[in-house]
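Novice: Below: one structure in structure tokens.
The values are calculated or read from the model by the stated rules, or taken from the named source; none is laboratory data. Since we're looking at a predicted model, the values are computed, not measured. Positions of Cβ are generated from backbone atoms using ideal geometry, with glycine treated the same way; all protein chains shown enter the neighbour counts. Accessible surface is based on the protein model in full, side chains and every heavy atom, while ligands, DNA and RNA are left aside. Shrake-Rupley method; radii C 1.70, N 1.55, O 1.52, S 1.80 Å.
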Amino acid sequence: MPPLKTEQTRWFVSEVQPHEPALRAYLQARFPRLGDSDDVIQETYVRALREWTAGQLRHTRAFLFTAARNIAIDFFRRQCNKNLTTIPHPEATDVVDETPSVVEVLGRQQTLDLLAEAVRALPDRCRQVVMLRYVKGRSYKEIAAVLGISTETVKTHLERGVQRCGDYLRALGMDNEGSDDGRE
């Protein structure tokens with residue numbers, strides 16, 4: 001085995017090393033964005049040594065320049081792919097589409113329309129209290145102050161309004177069991 005090392009060293013010193021300055025200049029000229037070409041040259045030497053050991057290397061200089069070019073191209077290709085894989089596709093971030101379907105949207109709209117009809121069917125004062133509470137988001141005290149009534153009267157109107165709206169929707173076949181009636 002030692003003679004092989006000696007022969008390998010002789011081959012490397014006489015056939016490969018003399019081309020290193022030209023190989024570096026070629027890489028700098030052809031691939032200026034490569035920066036430090038040491039890694040490319042080292043990989044080129046590894047490939048050349050592998051081919052020489054297998055008895056496949058006939059034209060050392062041509063092989064060195066071709067291998068160095070291919071290694072540099074592979075380096076840039078890997079960099080490009082690496083950059084592409086780190087940028088997520090905007091549509092891939094939401095795998096589950098939580099957008100309501102057309103049926104759901106229409107169902108909600110129909111329910112809202114029926115609820116609006118139920119509120120319109122309430123007596124005036126009761127409708128005012130329900131609208132101030134559930135549409136405007138006012139507190140019991142605010143409603144009482146705006147309408148000039150007590151907070152207990154506000155609570156009574158809300159209870160009756162919610163009850164009547166529920167009755168209205170049930171009469172139309174809408175089931176609202178398990179829903180929050182909005183009481184405090």
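Novice: Given a Förster distance of 41 angstrom, what is the FRET efficiency for LEU106 paired with VAL146, based on the Cβ-Cβ distance and rounded to 0.05?
Specialist: Calculated value: 0.70.
Novice: May I pose another question? What length, rounded to one decimal in nm, is gained on full extension from GLN42 through to ASP113, with 0.36 nm per residue of separation minus their alpha-carbon distance?
Specialist: 18.1 nm
Novice: Kirkwood Rh over Cα pairs of the stretch 103-143 into Stokes-Einstein at 4 °C, 1.567 mPa s: D in µm²/s?
Specialist: 115 µm²/s
Novice: Just grab the label-to-label distance for GLN28 and THR9, each label 7 Å out from Cα along the Cβ direction, in nm (one decimal).
Specialist: A separation of 3.0 nm, rounded to one decimal place.
Novice: May I ask you to rank VAL46, VAL135, VAL130 by accessible area, largest first, using a 1.4 Å probe over the protein chains only?
Specialist: Heavy-atom accessible area, descending, gives VAL135, VAL46, VAL130.
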